[in-house]
Amino acid sequence: MTVSDAVDDDPFGLRSLDVASLRRRDGAKWGARPVDYAAWVADMDFEVAPPIAAALHGVIDRHEFGYPNWGGPYALSPAGQQFVTRMSDRFGWEPDVDEVVDLIDVLQGVRAAVYHRSAPGDGVVLHMPAYFPFIDTIETMGRRRVDVTWTDGGFDYDDLDERLTRDGARIWILCHPHNPLGHVFDRAELERIAEIAMRHDLLVIADEVHADLCMPGVEHVPFAALGTEVERRTVTVTSASKAFNLAGLRWAVMHVGDAGLRDALAGLPGHYLGAPNRMGVAAAVAAWTECDDWLRDVVAVVDENRLALASLLEQHLPGVDYRPPSATYLAWLDCRELGFDDEPHEVFRARGVELSPGPQFGPTGAGHVRVNLATSPSILADMVAAMAG
Ligand SMILES: Cc1ncc(COP(=O)(O)O)c(C=O)c1O
């Protein structure tokens, strides 16, 4: 990708790519299907931040492709070390570096925790609708899904509490901020979750990969930051991949506050979960140390887009119910009033727009689609017009 492929068509100076350049790339988002607009998988239509590109060029220019020297064969990567500083600087949470583990991706950490801390038949609590790999993980591993469903702008924790008393569970997968709802759990809601988790002796897996993408004025509180007792039953997974658009570089990180999982991992051969890719590590270090101005620009564009989407829908697709996300660059649209049945993405696909199908996110996703807002305002406007047919 050369700079000439990029266009500055947004007011914030961020380098967004035009449709022609996006189509020439070999990424899944724009390449999987011959569509006019692609807004499904969670990749951005922006060039990466210049310090990240420079860090990657540095690795290439120095031909540093051998085994890295990070202080021992199984030592924590520099990105894993940086995670500790990042959490402390940005969110006021100070994880113990000895409890941090490098991962290849975020889902690997979620799956390792589910596998090692529960058994087939055990219950796993999940906010619904849910990011579909969580659903798949629970089903594939033969665990029992315990749904807590979004209704009328909230979750019914009293009902969940009753069901847990009756049927039990072992784990709670907390997607915080939430994909696809864009909901940010505030301190009071997190404390309610923690109280239920403690009373029912649940391990909480907090996937906080969207934490850096809170909209202006919205605060992210790491679940493990609620206190030592909570931290001791929490596994936090995250990476720089969503906020800095690095998903293909394969590096993520896990803080294992739970002693049971730490013991289980300690009993595995070194690098059982894979050795980190040094390109991914270099990119994550640059992201977390040099790119906050760039991130601010991204949040500003997504903020503009999430608000613009409300008026675009009103203009082109009245009847769609939409609540702008408080975090993430993902918008969850309730299209049931449009009369497109359970699979509105099929209608939008026929009109040249590829979106994420709501039913992928569980039964309550019927009649919904998820739209990716990490694009230029002009592409968003053209895309919504196309969705209207
Ligand atoms: C909540 C959440 N977790 C995990 C992932 C995937 O991350 P990874 O590719 O690092 O497994 C995504 C991707 O969109 C996500 O939204």
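Suppose we filter 171, 205 for residues that are among the aliphatic types (A, V, I, L, M), open to solvent by less than 10 Å² (accessible area, probe 1.4 Å) and farther than 15 Å from residue 99 by Cβ; which single one remains?
Criteria check complete, one pass: 171.
Would you check if residue 86 is modelled with pLDDT of 95 or more, crowded, with 20+ Cβ neighbours inside 10 Å and away from the ligand (no atom under 14 Å from the Cβ)?
yes
Can you tell me which condition residue 165 does not meet? The list is (1) open to solvent by 40 Å² or more (accessible area, probe 1.4 Å); (2) within 16 Å of the ligand (Cβ to nearest atom), and all the others hold.
Condition (2) is where residue 165 drops out.
Within the stretch 215-225, can you find the residues that are of a type in the set (A, V, I, L, M, F, W, C) and surrounded by fewer than 19 Cβ atoms within 10 Å (Cβ to Cβ)?
Answer for the stretch 215-225, where residues must be of a type in the set (A, V, I, L, M, F, W, C) and surrounded by fewer than 19 Cβ atoms within 10 Å (Cβ to Cβ): just 218.
Confirm whether residue 359 is open to solvent by 10 Å² or more (accessible area, probe 1.4 Å), more than 30 Å from residue 52 (Cα to Cα) and either among the small types (Gly, Ala, Ser) or part of a helix (DSSP H, G or I) (or both).
For residue 359, the condition - open to solvent by 10 Å² or more (accessible area, probe 1.4 Å), more than 30 Å from residue 52 (Cα to Cα) and either among the small types (Gly, Ala, Ser) or part of a helix (DSSP H, G or I) (or both) - is met.
Looking at 139, 99, which one is away from the ligand (no atom under 16 Å from the Cβ), acidic (Asp, Glu) and surrounded by 16 or more Cβ atoms within 10 Å (Cβ to Cβ)?
Exactly one residue qualifies, and that residue is 99.
Could you figure out which of (1) modelled with pLDDT of 95 or more; (2) more than 15 Å from the ligand (Cβ to nearest atom); (3) not in a helix (DSSP H, G or I) isn't true of residue 245?
Of everything listed in (1) modelled with pLDDT of 95 or more; (2) more than 15 Å from the ligand (Cβ to nearest atom); (3) not in a helix (DSSP H, G or I), residue 245 misses just condition (2).
Exactly one of these conditions fails for residue 370: (1) within 25 Å of residue 55 (Cα to Cα); (2) not in a helix (DSSP H, G or I); (3) not aliphatic (A, V, I, L, M). Give me its number.
(1)
Residue 122: more than 12 Å from the ligand (Cβ to nearest atom) and either open to solvent by 20 Å² or more (accessible area, probe 1.4 Å) or in contact (Cβ under 8 Å) with a residue 60 or more places away in the chain (or both), yes or no?
When the stated conditions are applied, residue 122 passes them.
Looking at the stretch 246-257, I want the residues that are over 14 Å from residue 44 (Cα atoms) and have a partner that is buried (at least 24 other Cβ atoms within 10 Å of the Cβ) and of a type in the set (Phe, Trp, Tyr) with Cβ atoms under 6 Å, at least 6 apart or on another chain. Which pairs are those?
253/83
The values are calculated or read from the model by the stated rules, or taken from the named source; none is laboratory data. Values in this document were obtained by computation on a predicted structure and should not be read as measured data. Glycine also receives a Cβ, built like all others from the backbone with ideal geometry; neighbour counts cover every protein chain displayed. Side chains included, ligands, DNA and RNA excluded: accessible areas come from the protein's heavy atoms. Shrake-Rupley method; radii C 1.70, N 1.55, O 1.52, S 1.80 Å.
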